[in-house]
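What follows draws every value from the coordinates through simple rules; no lab data is involved. All values derive from a computational prediction rather than experimental measurement. Ideal geometry is used to build each Cβ from the backbone, glycine not excepted, and the neighbour counts take in all protein chains shown.
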Amino acid sequence: MEAAPPFLDVNTLLEASEPRPRIPLMQFLIGGFVLAIILSFFLNRSSPGGPSQEVLQSLIGFGLMGFVGCVTMAGFISVRRVRAEQAAVGAVDELVQLRRWPEAGLMLQTMLSRPARSPLARAQSLLYLAMVLARYHRFEDSVTVHDYILSEIPLDDVTDHAVRLGRAMSLLREDNLLDADRAIAELRRTSRGVDSAGLALVEIYRDVKTGHPAEAIEMFEKQLQVLRRQLSHRVADAWALVARAYDLLDRRSDAQTAYDNATLLMPLAELTRRYPEISPLATKYQPAPAPLEVA
Amino acid sequence: MLSVDGTITRFRRDLTIAALLRAGLMTVALTCVLAQPLFGMHQDWMPILLAVGGIWVVLSYRSMQGTRMAADSPSLIAAGEFDRAESHIDAALKSFSLFRAAKILSLHHLAVLRHAQNRWRESALLCQALLSQKLGNMQGMARASLLMLADCQIQLGDLRGAFGAMGRLFHYRLSLGEALTLQLLQLDYGWRIGAWESMLQGVGGKIQMCELMPPINAARSQALLALAAYKLNRAELARWLRRRSELLADPREISAGRPVLEEMFRQPL
């Protein structure tokens, strides 16, 4: 008996989700209809005005109606399937936003295990797959998916930037600092790299990870407004990383303030999961106390 | 600049003409097919049938062109290119369409544009015109229009109308994004009627929802929750929420059009 493929196996999913060419049903229908008209024309010429001509005309009339009906039905079914696929992608998006990773992973496993109907839905599913893999700390797989998207799927500027950011973050988490640095340099060169909160966050993380706290703090202070405008509650990530940077420079008061801000916006457990480098702060600084109603 | 009243009149007229035309073409096609076998009318119906088919194909193509014209407008509105979006929508609304969906979509885009331009009355009128149609399988559009309508009515001070629109939304299964928008609308409505208790009902869940919102909405929602907490003398919760909102956005931006929030931010923490 063949063993079941492992959960979220990247190579299997990339191959299985490739859209397949469809049977050209519409071409057969059109061909059949044209054939019927030609046939009727020749039969008409061989027995003009005969009863067979009347029967044939009626048949062709019904055939035409049937053809229109089939085309409409085929379009309807196709649209319904595409909508169902889009709805599934939307559901994965919601699960990822709600941080319900196991459900998102299961859904992606199901969706990507069969050929996608639309390349767009597949591209979106692959993006979410890369996020889920990163959440499970499978950074190498996440980078593979990002690389596949960048090399195989045409992307608009915004999506391209987002994919490159995700890739750079995974490379950093994987401790592949050389490639991460190259990825950051590439991101800086693009037009989207200007005033990008995502890029600022990746750079702050890189600087904290490589022991350049002063540069991390400088970047944070320079980009704080951009980080607030673009990241919403994820600005907590930047506060947490800069707290670590202050701590590395032994600026304890600033570190406490930044740590307080970070934990005010995001639970400590979630921040530590994202950035293991901040875990030493838990023994040195006080997190922001949450009121009873939300604790 | 498109006149909203004129556009709505034209939209309704176009829908009626398209419905009549569709019915007419179908009737002729059916007559052509059934005349001979059922009524024994011996005549060559094929040219008429082909002509009907041809007209249908040409009009379908034109409808598709209209849909394509309108398709760009959401991205133009999002990019703040309102004039270009308006010209696209204008062209789409003026072109003939055999199918209702294309016209309804264009009118919806116009409502979104007017909403983005803060022209609340016009956007509300367009939403109402849209919601008066049978939207069939376009439920997503119905939900988006109801959310927009509720927002416009809150901005116009028509709180009864806003309550009605929000009430209708409970008949639908909302997406996460829609549920987030509705939560902000409910909070915005809540402070206007002084419903502090209900604003804080299930506050834990509401805060989790806030964490998924874009920055300004997240900040404003939490500021409104903080206000409700102050009103109910839950000072610790109020301070915590207020600090979170201040970390996300500038207080002036958060309290735009909401003097009660301005007042709250002026008080010491």
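Rg and Dmax of segment B:137-269, using alpha carbons, in Å: what are they?
Using the Cα atoms of segment B:137-269, the pair Rg, Dmax is 14.5, 51 Å.
Give the relative contact order (percent, whole number) for chain A; include only Cα pairs under 8 Å separated by 6+ residues. Could the numbers behind the result be given before it?
Details: 279 pairs, mean separation 32.3, N = 295.
Contact order relative to length: 11 percent.
What order, most packed first, do the peptides A:122-131, B:1-10, A:235-244 have when packing is the mean number of other Cβ atoms within 10 Å of each residue? Each step should come with its number before you reach the end.
Values: A:122-131: 22.2, B:1-10: 14.0, A:235-244: 25.5.
Put in order of decreasing packing, that is A:235-244, A:122-131, B:1-10.
Assuming 1.002 mPa s and 20 °C, estimate D for chain B with Stokes-Einstein, Rh taken as the Kirkwood radius over Cα pairs, in µm²/s. Write down the numbers at each step before the final one.
Details: Rh = 21.4 Å.
The calculation lands on 100 µm²/s.
Take every residue in peptide A:282-294, count the Cβ atoms of other chains within 10 Å of its Cβ, and give the average of those counts.
Details: counts 0, 0, 0, 0, 0, 0, 3, 2, 4, 10, 3, 10, 9.
Shielding by partners across A:282-294 averages 3.
Mind giving me the FRET efficiency for A:PHE62 and B:ARG192? R0 is 45 Å, r the Cβ-Cβ distance, nearest 0.05 is fine.
Details: r = 63 Å, r/R0 = 1.39.
Between A:PHE62 and B:ARG192 the formula returns 0.10.
Going by how many other Cβ atoms sit within 10 Å of their own, how do A:MET266, A:MET111 line up, fewest first? Provide the component values of the computation, followed by the final result.
Numbers: A:MET266 19, A:MET111 22.
So the ranking, lowest neighbour count to highest, is A:MET266, A:MET111.
Please report the Cα spread of segment A:99-230 along all three principal axes, rounded to whole Å, starting with the longest.
For segment A:99-230, the Cα spread along each principal axis is 49, 28, 27 Å.
Tell me, B:HIS88, A:HIS146 in order of fewest to most beta-carbon neighbours within 10 Å?
B:HIS88, A:HIS146
Eigenvalues of the Cα gyration tensor times 5, then square-rooted: what semi-axes does that give for chain A, in whole angstrom, largest first? Let's see the in-between values first.
On the way: eigenvalues 686, 69, 61 Å².
Equivalent ellipsoid semi-axes, largest first: 59, 19, 17 Å.
Counting C-alpha atoms alone, how compact is segment A:192-295: give Rg to one decimal and Dmax as a whole number, in angstrom.
Over segment A:192-295's Cα set, Rg and Dmax evaluate to 12.9, 42 Å.
Report relative contact order for segment A:159-295 in percent, whole number only (criteria: Cα-Cα under 8 Å, sequence separation at least 6). Intermediate results must be reported in sequence, preceding the final value.
Values: 152 pairs, mean separation 23.3, N = 137.
Value for segment A:159-295: 17 percent.
Based on the alpha carbon coordinates of the protein assembly as shown, what radius of gyration and maximum Cα-Cα distance (Dmax) apply, in Å?
Every Cα atom of the protein assembly as shown included, Rg and Dmax give 29.7, 104 Å.
Can you tell which of B:PRO268, A:GLN256, A:ALA180 lies farthest toward the positive end of the dipole of the protein assembly as shown, using +1 and -1 charges on the Cβ of basic and acidic side chains (Lys, Arg; Asp, Glu)?
B:PRO268
Helix A:252-265: angle to the longest alpha-carbon principal axis of chain A, degrees 0 to 90, nearest 10?
In chain A, helix A:252-265 runs at an angle near 30 degrees to the longest axis.
Mean separation of Cα pairs under 8 Å and 6+ residues apart, divided by the residue count of segment B:1-173: what relative contact order is that in percent? The partial results should precede the final answer.
Values: 180 pairs, mean separation 30.8, N = 173.
It rounds to 18 percent for segment B:1-173.
List the equivalent ellipsoid semi-axes of segment B:16-124 in whole Å, largest first, each obtained as the square root of 5λ for an eigenvalue λ of the Cα gyration tensor. Provide the component values of the computation, followed by the final result.
Numbers: eigenvalues 336, 33, 11 Å².
So the three semi-axes of segment B:16-124 are 41, 13, 7 Å.
Hey, with R₀ at 60 Å, roughly what FRET efficiency would B:MET26 and A:HIS137 work out to, going by the Cβ-Cβ distance, to 0.05? Don't jump to the answer; show the numbers that get you there.
On the way: r = 60 Å, r/R0 = 1.00.
With a Förster radius of 60 Å, E is 0.50.
What is the calculated FRET efficiency for B:PHE163 to B:ALA71, with r their C-beta to C-beta distance and R₀ = 35 Å, to the nearest 0.05?
Details: r = 34 Å, r/R0 = 0.97.
Once rounded, the FRET efficiency stands at 0.55.
By how many degrees, between 0 and 90 and to the nearest 10, does the Cα long axis of helix B:46-71 differ from the longest principal axis of chain B?
20
Report the label-to-label distance for B:LYS134 and A:LEU178 in nanometres (one decimal), using points 7 Å from each Cα along the Cα→Cβ vector.
6.8
For labels at A:ALA282 and B:MET46 in the simple 7 Å Cα→Cβ model, what's the distance in nm?
Result for the modelled spin labels: 8.2 nm.
So how far apart, in nm, are the two label points at A:ALA269 and B:PHE170 if each is 7 Å from Cα heading toward Cβ?
3.3
Report D for segment A:110-161 in µm² per second (integer): Stokes-Einstein, Kirkwood Rh on Cα pairs, 20 °C, 1.002 mPa s. List each step's numbers first, then the result.
Values: Rh = 11.5 Å.
Value of D from the Cα-based Kirkwood radius: 187 µm²/s.
Looking only at other chains, what is the average number of their beta-carbon atoms within 10 angstrom of each beta-carbon in B:200-211?
Working: counts 1, 0, 0, 3, 3, 1, 1, 3, 3, 1, 2, 9.
Across the residues of B:200-211, the mean count of other-chain Cβ atoms within 10 Å is 2.
What is the distance in Å between the Cα centroid of segment A:231-292 and that of segment B:70-123?
Cα centroid of segment A:231-292 versus Cα centroid of segment B:70-123: 45 Å apart.
So the label point goes 7 Å from the Cα of A:ALA185 along Cα→C-beta, right? Which residues of segment A:158-177 then have their backbone N under 14 Å from it?
A:177
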